[in-house]
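The values are calculated or read from the model by the stated rules, or taken from the named source; none is laboratory data. Model, not experiment: these values are computed from the prediction. Positions of Cβ are generated from backbone atoms using ideal geometry, with glycine treated the same way; all protein chains shown enter the neighbour counts.
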Amino acid sequence: KRKNSCVFLLVIVEAMPESQSLLEIQQIVEKQLECTLCFSLLVEPVTTECGHTFCKQCLHLSSLHSACCPVCRTRLSGRLPATNTIIQALLEECMGDKYKARLAETKSTKKNQAPLNEESTLGLFILDCVLPRQHLKLHVFEPRYRRLIARTLEKTPPLLGMVAMNESQLSSVVSECEIIDHTALPDGRFLCEVVGRRRLRLRRDWESHDGYRIAAVQEWTDDPLTTEEHTQVEEISIKLKSDIDLWIQKVKETSWHTRRQLLDLVLQHLASPPVDDPEAFGLWITALINPLPPLGLAPEIRLEALTQSSSISRLRLCQRTISISLAHLNQRTNIHRSLLGFLLFVSAQFLSFLIRAISRTFVAPIALINRLLLGNDDNNNNHLGIIGRVHLPLEGVGQ
């Protein structure tokens, strides 16, 4: 490495005029070893296919915005190149203390930008609230959210916060979501699928240096139930269980194939209902009747259900919402039955008309031809006057 770096340095020096002083040569070399993105000495230098060299971290951040070279706009492969060992050795040999100071500065910055404490802070994706066990597919194209996804994928597990806007402000509840599947596209976009894990309370938020917001969050659980409320919850849960079964049946009876497929997928994601846990059961019901994408068969209550601190209030909210949805589905059933009866009546009338038309068109002429050819004892004279009686030859038939 030292030999190659010295050869590289000699090439630079020999290309300079003899009048250049040593200090000027050093300044020119230092200028050549600067990153054109951060305008500082290169750290972990990487050279692209088109021949331009950048800091590894700088090129990574640039790739989140665009898949092209920042200098000449040549489309890159999408993979970060390996460290250029020749330029790395040249930096170590020629820049000396300056390079050591630059390394110390970079390490300090990385320490301050270490992965956030997942128990207290989360990067926020401002779009919609996601309920526990609920799945949501994302097409991430904004630069700030591409950086958020890239940062999140570096963690284990890859957790981020989904939050909705409530009257031009962030909602007080954050949905902790895990990225369970992702595809990085060549132009820097991401196709992701996230699943809701739990709800968190938003304490405060601020903007990160990458453009997306970060939130300080706290776990949000329901208030403890009294003995009387436990009894009420059990009664409501039993009633809700039967209402859910009826609701699923009505949706399948009154919906097209696509909607039934979506409902089956939602039930597969949600698994069996946690009837023994009032908080989880209320959120499970909400995720069923308000899935993503929406079925459009029940009023939207996700945000209201997430911000409830009382399990019994949430279950009553679900009970009212299912009652409204069932009334709507029953109305759809009556309309479908009326429409089906009308269609059957019209079909029967049309079939009767068709049979009569066919009879008039074909049956009467066929009967007339039969009478003319085979004869009729009551009307022989009339028929003979027209074409005469038809006699079949019997020669050769036998005795």
**Message:** Going residue by residue through the range 55-67, is there one that turns out to be free of Cβ contacts under 8 Å to residues at least 40 places away in the same chain, assigned by TED's automatic domain parsing to the domain that holds Leu42 and at positive phi?
**Reply:** no
**Message:** I'm checking my understanding of the structure. Among residues of the range 201-232 that are in a loop (DSSP other than H, G, I, E, B) and of a type in the set (S, T, N, Q), which one is surrounded by the most Cβ atoms within 10 Å (Cβ to Cβ)?
**Reply:** Ser208
**Message:** Anything in the range 59-104 that is loosely packed, with under 14 Cβ neighbours inside 10 Å and among the small types (Gly, Ala, Ser)? List them, or say none.
**Reply:** Ser77, Gly78, Ala82, Gly96, Ala101, Ala104
**Asked** Which residue pairs have Cβ atoms under 6 Å apart, sit 6 or more places apart or on different chains, and have a first residue in the range 28-50 that is without any contact (Cβ under 8 Å) to a residue 60 or more places away in the chain and a second that is among the aromatic types (Phe, Trp, Tyr) and surrounded by 15 or more Cβ atoms within 10 Å (Cβ to Cβ)?
**Response** Cys35/Phe54; Leu37/Phe54
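Among the residues of the range 177-200, what is the count of those that are in a strand (DSSP E or B) and farther than 19 Å from Pro291 by Cβ?
Number satisfying all stated conditions: 7.
Any residue at all in the range 254-266 that is among the small types (Gly, Ala, Ser), farther than 20 Å from Leu127 by Cα and not in a helix (DSSP H, G or I)?
The answer is yes; a qualifying residue exists.
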**Item:** Selection count where residues are acidic (Asp, Glu) and closer than 23 Å to His60 by Cβ, scope the range 139-177
**Value:** 2
**Which listed residue, of Leu170, Leu148, is closer than 30 Å to Leu295 by Cβ and buried (at least 19 other Cβ atoms within 10 Å of the Cβ)** = Leu148
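Name every residue in the range 272-301 that is among the charged types (D, E, K, R), under 23 Å from Glu235 (Cα atoms) and either surrounded by fewer than 18 Cβ atoms within 10 Å (Cβ to Cβ) or at pLDDT 95 or above (or both), in order of residue number.
Of everything in the range 272-301, those that are among the charged types (D, E, K, R), under 23 Å from Glu235 (Cα atoms) and either surrounded by fewer than 18 Cβ atoms within 10 Å (Cβ to Cβ) or at pLDDT 95 or above (or both) turn out to be Asp276, Asp277.
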**Request:** All but one of (1) closer than 29 Å to Leu267 by Cα; (2) of a type in the set (A, V, I, L, M); (3) touching a helix residue (DSSP H, G or I) at 6+ places or on another chain (Cβ under 8 Å) hold for Leu191, so report the exception by its number.
**Result:** (3)
**Request:** Evaluate the range 328-347: report whether one residue or more is at pLDDT 70 or above, surrounded by 10 or more Cβ atoms within 10 Å (Cβ to Cβ) and more than 29 Å from Thr254 (Cα to Cα).
**Result:** no
